[in-house]
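Worksheet: the structure to be examined is printed underneath.
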Amino acid sequence: MQEVIEKFIGLQKMEDEIGAFAKIIEDGPRRISQSLEAWETAKGEHDESALALEAARKRLRELELDLLKFKELATGNKVRMTKVTDDKSYRAILSEADKIRQRVSEAENETLSLMAEEERLRGILPEAETRMLEAQKAHLALEKETLAAVAVAEAEAASRRKAIEETLAGIDPALAGQYSTSSRIHDGRTMAPVRDGTCGACRMRIPPQLFNELQTNEKLMLCPNCARLMYWLDHPAWAPPAPPEEPEETKKPKGKAPKRAKKPRSSAGA
C-alpha cells in the first residue's frame, strides 16, 4: 500500500502542476484583452486629437474665406455710399456696414481662438502618437509572450494528464477508481497530508484511533470531514534523506585544544 500512496502523492503533485498551468491558460486572454484595451485607449486619444486638429484647420480656412468676403462687401458699401442720393438709402448702407463689422469682429475672435487651439493640438499630437506607438509595441510583445506561455502550459498540462492516466492504469482498478472519484469531487485536490493528527486540507482534527491506523500505511483512508485521501506526512517514507556523514579523518577532535608550550626565557647577558 505504501507504493500506491507514493504514486498517489506523485499524482497529486502533477494535479497541482496542472492547476498552475490552468491558471496561466485562463489568465492569458485576460492579460491580452487588458493590453489591447490600453492600446485602443491610447489610439483613441491620438485619433481624437488628430481629428480635432483637422477640424480646427478646416474652420480656419473657412473663416479666412469669410473675412475676404466681408472685406469685399465693405469695399462695395464704400463705393455705394459715394453714389447714394437719399437719406434712407444712406442709413441702410450704414446699417449694413455695422453688420459687416460685427461679423468681421466675430470671425477674427474665432480665428484667434482657433489658432490657439491649433497650436495646442499640434503640441500634444506628437506625445499622443508616441503613447499610441508605445502601447501598440507593448501589446504586441505581451500578446506574443502570453500566447507562447499559454502554448507551453497547454502542452505541459496535456503531458501531466497523460502521465496521470498511465500511472492510474498501472494501479489496482478499485484503488485507481477511488483516487479518480476523489479527484473529480475535490477538483484535483485529492491527497490530504496529516500532521499531528490534523488534516492538512480541511484543518480538522481526526480521531486518535484513525490517526494511529493511518500511521501504519497499510490502507487508504478518507478524512472523516473533507473525504480526501489521507497520508501521514511524517512517515519515514516521505522524510528527506539524511545528509551524508563526514569521513572519520575529516572530523575535528572534540574537547579543548592542547595548550601551546611556552618558550624558555633567555638568560640576561647571553
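Read-outs: derived from the displayed coordinates by stated rules, not from any lab. The structure presented is a predicted model; accordingly, all values stated were derived computationally and were not measured. For neighbour counting, all protein chains shown are included, and Cβ atoms are generated from backbone atoms with ideal geometry for every residue, glycine included.
Model label sites at ARG80 and ALA163, defined 7 Å from Cα along the beta-carbon direction, differ in position by 9.6 nm. Suppose only helical runs count, i.e. DSSP H with n ≥ 4. What mean residue ellipticity at 222 nm does that imply for the chain under -39500 (n - 2.57) per run, divided by all residues and rounded to the nearest 500 deg cm²/dmol? After summing the helix terms and dividing by residue count, I get -25500 deg cm²/dmol. Relative to the current alpha-carbon distance between ALA55 and SER113, full extension at 0.36 nm per residue lengthens the span by 19.6 nm.
Neighbours of LEU133, meaning other residues whose beta-carbon lies under 15 angstrom from its beta-carbon, give a summed charge of -3 when Lys and Arg score +1 and Asp and Glu score -1.
Can you divide the C-alpha Rg of the range 103-179 by 2.2 N^0.38 Å and report the result to two decimal places? Let's see the in-between values first.
Numbers: Rg = 31.4 Å, N = 77, 2.2 N^0.38 = 11.5 Å.
Normalised by 2.2 N^0.38 Å, the Cα Rg of the range 103-179 equals 2.74.
If you take every DSSP beta bridge whose two residues both sit in the range 190-237, what share of them, in percent to the nearest 5, is antiparallel? Taking every DSSP beta bridge within the range 190-237, about 55 percent pair in antiparallel fashion.
What percent do you get for the relative contact order of the chain when only Cα pairs under 8 Å and 6+ apart count?
Values: 195 pairs, mean separation 72.0, N = 270.
Across the chain, relative contact order equals 27 percent.
Using alpha carbons only, how many degrees (0 to 90, rounded to 10) separate the axis of helix 2-83 from the longest principal axis of the chain? The helix 2-83 is inclined about 10 degrees to the chain. Summing Lys and Arg as +1 and Asp and Glu as -1 over all other residues whose Cβ lies under 14 Å from the Cβ of ARG228 gives a net charge of 0. Among residues other than GLY28 whose Cβ falls under 12 Å from its Cβ, what is the net charge (Lys/Arg +1, Asp/Glu -1)? Neighbourhood net charge equals -1.
Antiparallel DSSP bridges in the chain: what percent, to the nearest 5? Antiparallel bridges: around 55 percent, rounded to the nearest 5.
For the pair LYS13 and ALA148, what calculated FRET efficiency results from E = 1/(1 + (r/R0)^6), where r is the Cβ-Cβ distance and R0 = 35 Å, to the nearest 0.05? Working from the Cβ atoms, E equals 0.90. Taking the alpha-carbon distance from LYS71 and a cut-off under 19 Å, which aspartates and glutamates remain once sequence neighbours fewer than 8 residues away in the same chain are dropped? Straight-distance partners of LYS71: GLU62, GLU96, ASP98, GLU106, GLU108, GLU110.
When only alpha carbons of the range 190-237 are considered, Rg and Dmax amount to 9.2, 26 Å. The length gained on full extension between LEU133 and ASP172, counted as 0.36 nm times the residue separation minus their Cα-Cα distance, comes to 8.0 nm. When only alpha carbons are used to place a centre, the range 42-74 and the range 104-131 end up 9 Å from one another.
Counted residue by residue at 0.36 nm each, then reduced by the alpha carbon distance between them, the extension gain from MET1 to GLU40 reaches 8.2 nm. For the range 1-122, taking Cα atoms only, Rg and Dmax work out to 36.3, 126 Å respectively.
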